[in-house]
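The structure appears right after this line, and notes come after that.
The values are calculated or read from the model by the stated rules, or taken from the named source; none is laboratory data. Predicted, not measured: the structure shown is a model, and the values here were computed from it. Reconstructed Cβ throughout: ideal geometry from the backbone, glycine too, with neighbour counts over all protein chains shown.
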Amino acid sequence: MRGAVLYGPGDVRFEARAAPKIIAPTDAVIRISATCVCGSDLWPYRGLQAASEPTPMGHEYCGIVEEVGSAVRSVKAGQFVIGSFFASDNTCPHCRAGYQTSCQHKEFVGGAQAPLLRVPLADGTLVATPEVPSEELIPSLLAVSDVMGTGSFAADAANVKPGNTVAVVGDGAVGLLGILSAKIMGAERIIAMSRHETRQKLALAFGATDIVTERGDEGVARIKDMTKGIGADSVLECVGTQESMMQAIRSIRPGGSVGYVGVPHGVELKGELPKLIEQVWDRKINPGLVFDLTLPLDQVAEGYRAMDERRAIKTLLRPETEEHLQ
Ligand SMILES: [Zn+2]
Ligand SMILES: [Zn+2]
């Protein structure tokens, strides 16, 4: 098969890789229906995180179970599944306490930008849908694999409550889905900080009530103005730079809460997965709207470029049918 491999800054290649196989009895191999490029993939792509060797990329995925190891009980071949980017057993003391990313057996899932993927600890990591979904649900199910869960975590961590005023710093996929999550949680006023027109439109579609285009001191001043000098009850920080962090902290009212998810992947997600899948399945939420570019997987390099240059919010990648057969 062929998959995406990062060689160095700006250098993603679509090239031959060994097809994954079952290694441990707790593994599953899944045939990818859709995968995507994550904002966090851009960190090594931009050279901000050194890659010492060519690295297979991708950790957001959904697809059909091809094969399971002999110890796997909760999923079987032919089922459609969504997984999280951290494999966890869901049975150790940390998992039982709800901290799957501290699992005693945790493993990072990598190499999902490919037609086939090995998922360790399949029972704890994969969640099956009631049946194979129709095409139009696939982007939203894929979004649940990471960005929707992360946005939801940010809203939780920021202690969003019904009637609250919430400000969201960052208009990437996670920030936009943070807006959707705050809306679901009953926030009354949701201030999106964005200066890009297409992202502003999506922010409004997800439930934002106000848009602030200013940044830094001016952005903070605008939020204070809009809240009669008080500040927001909750702020979701979805960028991860020093500047965005300070902007978030200064926009909050005394005693309010900030939810940080800008630093990639320091969050707990697995507990959220079944609940979010259900909301997508029941068509209550449509987080897949964040994918504004869909490409065949062999054009993965363009998918990275488009996000790097902010021409795309998030790139969805579909393996070609013939890739499945190889
Ligand atoms: Zn991700
Ligand atoms: Zn565990």
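Within the stretch 37-68, the set of residues being of a type in the set (S, T, Y) and either in contact (Cβ under 8 Å) with a residue 24 or more places away in the chain or within 11 Å of ligand 1 (Cβ to nearest atom) (or both) comprises S40, Y45, T55, Y61.
Do you know which residues across the stretch 73-86 are modelled with pLDDT of 90 or more and within 16 Å of ligand 1 (Cβ to nearest atom)? Correct list: I82, G83. Within the stretch 55-73, the residues that satisfy the criterion of being within 22 Å of S134 (Cα to Cα), buried (at least 16 other Cβ atoms within 10 Å of the Cβ) and not acidic (D, E) are Y61, C62, G63, V65.
Residues that are modelled with pLDDT of 95 or more, at least 3 per element: which helices (runs of 4 or more DSSP H) completely within the stretch 155-254 meet that?
173-184, 197-206, 216-226
Scoring A114 on the criteria (1) over 17 Å from G3 (Cα atoms); (2) outside any strand (DSSP E or B) leaves a single failure, condition (1). Figure legend. Inter-residue proximity from the stretch 153-168: first residues without any contact (Cβ under 8 Å) to a residue 60 or more places away in the chain, second residues not in a helix (DSSP H, G or I), beta-carbon distance below 6 Å, spacing 6+ or different chains. Indicated pairs: P162/G186; G163/E188.
Candidates are the residues of the stretch 96-116 that are of a type in the set (G, A, S) and closer than 22 Å to E320 by Cβ; the one that is farthest from ligand 2 (Cβ to nearest atom) is A114.
The set of residues from the stretch 21-54 being more than 21 Å from L316 (Cβ to Cβ), touching a strand residue (DSSP E or B) at 6+ places or on another chain (Cβ under 8 Å) and either surrounded by 13 or more Cβ atoms within 10 Å (Cβ to Cβ) or among the hydroxyl-bearing types (S, T, Y) (or both) comprises I22, D27, A28, V29, A51, P54. Considering only the stretch 128-144, I want to know if a residue exists there that is within 18 Å of W281 (Cα to Cα), modelled with pLDDT under 90 and within 14 Å of ligand 1 (Cβ to nearest atom). No, the conditions are met nowhere in the stretch 128-144. Among the residues of this structure, G124 does not count as one that is of a type in the set (G, A, S), part of a loop (DSSP other than H, G, I, E, B) and either surrounded by fewer than 24 Cβ atoms within 10 Å (Cβ to Cβ) or under 19 Å from the mean Cα position of the chain (by Cα) (or both).
Taking into account only those residues within the stretch 100-116 that are more than 16 Å from ligand 1 (Cβ to nearest atom) and surrounded by 16 or more Cβ atoms within 10 Å (Cβ to Cβ), which is modelled with the lowest pLDDT? If we take residues in the stretch 100-116 being more than 16 Å from ligand 1 (Cβ to nearest atom) and surrounded by 16 or more Cβ atoms within 10 Å (Cβ to Cβ), then C103 is modelled with the lowest pLDDT.
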